[in-house]
Amino acid sequence: MKHFLKLSDWSTEEIMQALDLADKLKYERKHGIEHKLLNGMTLGMIFSKSSTRTRVSFEVGIHDLGGSGLFLSSRDLQIGRGEPVEDTARVLSRYLDGIMIRTFAQKEVEDLATYGSIPIINGLTDYCHPCQVMADLQTIREHKGNLDGRKLTYIGDGNNMANSLIVGGIKTGMEVAVACPKGYEPDADIMKWASENGKFTCTESIEEAASDADALYTDVWASMGQEAEATQRKEIFKNYQINSSVMSVAKSDAMVMHCLPAHRDEEITADVFESHANEIFDEAENRLHAQKAIMVLCMGK
């Protein structure tokens, strides 16, 4: 049994295996080749945080693989009324073949894995977003041909996206640079690990981070659960934007990526977003293919 809790748990070889499988499954889906690799299996999908892409891509993905998805909001579960996670994990393990959870605390995901007896997949926590980054890596490789030696630059809040991009980028041989305001850096332990295991920079200078980048990445300034800080964050992050000026210091053929939803003319200008829309929506589509690969590797016999 294999879990997918955070990218640091998977080796480079396991990540590359998942990316290769995601490419294969994407090719087969587009050519009408069915792959019922999880025939008859049921994936429980626990949502403490709502989502467009996570819900639809997992529900379609498990259906493509021959299984079924069961949507469970926190209102549907006793966990929302105080039942311990360890009890929920042990009960659901007797009904389901796997669980995908999108929630706030990383500990909740880790506890499900500790006390359950089925694979657990992290659909997002405040700490990391590994499924998104698998789709991101798949997209960069599609557009650039390879990952090793490429430069990935993230501009904005050092949030769960930044944490997972750092780990995924370093593990696949990329140089990773992060530009963020002081006090909004990514997780300190992740940055220390990145500095010791690859080429990593964290700076307040957008130009330094974006220089010669192969891919530029951003996210909203206020993530889900930070709505009360939105006005303050607009002032703090107002210069941390992907725009034509930033694009001019990256490589001439640099990609632009966004995990969506995007707030045009905040973290990214509308013109840059639209001129790179094909890449951004390839990235969104690849959530489906990358997550199918993760489900197969975790839940497959």
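Structure above, values below:
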read-out: Members of the stretch 189-213 found to be assigned to a loop (DSSP other than H, G, I, E, B) and surrounded by 23 or more Cβ atoms within 10 Å (Cβ to Cβ), listed by number; value: A213
read-out: Some residue of the stretch 268-277 being over 21 Å from H129 (Cα atoms), among the polar types (S, T, N, Q), modelled with pLDDT under 95 and not in a loop (DSSP other than H, G, I, E, B); value: no
read-out: Qualifying residue in the stretch 247-254 (condition: at pLDDT 95 or above, assigned by TED's automatic domain parsing to the domain that holds N278, touching a strand residue (DSSP E or B) at 6+ places or on another chain (Cβ under 9 Å) and closer than 15 Å to N159 by Cα); value: no
read-out: Selection from the stretch 160-188 of residues that are assigned to a loop (DSSP other than H, G, I, E, B) and buried (at least 24 other Cβ atoms within 10 Å of the Cβ); value: M174, P186
read-out: Filter pass, G98 being within 14 Å of the chain's Cα centre (by Cα) and buried (at least 17 other Cβ atoms within 10 Å of the Cβ); value: no
read-out: Tally of residues being crowded, with 18+ Cβ neighbours inside 10 Å, among the aliphatic types (A, V, I, L, M), closer than 25 Å to A22 by Cα and out of contact with any Leu (no Cβ under 7 Å at 6 or more places or on another chain) across the stretch 55-79; value: 0
read-out: Any hit, the stretch 142-157, residues being more than 17 Å from D219 (Cα to Cα) and either surrounded by 24 or more Cβ atoms within 10 Å (Cβ to Cβ) or at pLDDT below 95 (or both); value: no
read-out: Tally, over the stretch 224-241, of residues that are closer than 15 Å to R264 by Cα and under 21 Å from the mean Cα position of the chain (by Cα); value: 2
read-out: Selection status of A262, under 24 Å from A230 (Cα atoms), surrounded by 16 or more Cβ atoms within 10 Å (Cβ to Cβ), of a type outside the set (D, E, K, R) and out of contact with any Cys (no Cβ under 6 Å at 6 or more places or on another chain); value: yes
read-out: Test: residue in the stretch 255-269 that is farther than 21 Å from V220 by Cβ, out of contact with any Gly (no Cβ under 6 Å at 6 or more places or on another chain) and either assigned by TED's automatic domain parsing to the domain that holds E14 or in contact (Cβ under 8 Å) with a residue 40 or more places away in the chain (or both); value: no
read-out: Top-ranked residue of the stretch 75-102 - restricted to ones that are in a strand (DSSP E or B) and not aliphatic (A, V, I, L, M), ranked as farthest from L5 (Cα to Cα); value: G98
read-out: So A293, is it touching a residue at least 40 places away in the same chain (Cβ under 8 Å) and either surrounded by 22 or more Cβ atoms within 10 Å (Cβ to Cβ) or assigned to a helix (DSSP H, G or I) (or both); value: yes
read-out: Selected residue (criterion: farthest from I190 (Cα to Cα)) from residues of the stretch 110-158 that are polar (S, T, N, Q) and in contact (Cβ under 8 Å) with a residue 60 or more places away in the chain; value: S117
read-out: Of the criteria (1) over 25 Å from L137 (Cβ atoms); (2) assigned to a helix (DSSP H, G or I); (3) aliphatic (A, V, I, L, M); (4) in contact (Cβ under 8 Å) with a residue 24 or more places away in the chain, which one L72 fails; value: (2)
read-out: Residue list for the stretch 1-54, filter: under 14 Å from M299 (Cβ atoms), surrounded by fewer than 18 Cβ atoms within 10 Å (Cβ to Cβ) and in contact (Cβ under 8 Å) with a residue 60 or more places away in the chain; value: M1, K2
read-out: Qualifying position, being in contact with an Asp or Glu (Cβ under 8 Å, 6 or more places away or on another chain), within 30 Å of G40 (Cα to Cα) and surrounded by 13 or more Cβ atoms within 10 Å (Cβ to Cβ), among D282, D219; value: D282
read-out: Pairs with Cβ under 7 Å, 6+ apart, first in the stretch 195-209 and over 16 Å from A250 (Cα atoms), second exposed (fewer than 14 other Cβ atoms within 10 Å of the Cβ) and not acidic (D, E); value: E204/K182
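The values are calculated or read from the model by the stated rules, or taken from the named source; none is laboratory data. Just so we're clear, the structure is a prediction, and the values are computed from it rather than from any experiment. Quick reminder, even Gly has a Cβ in these numbers, built from the backbone with ideal geometry, and neighbours come from all protein chains shown.
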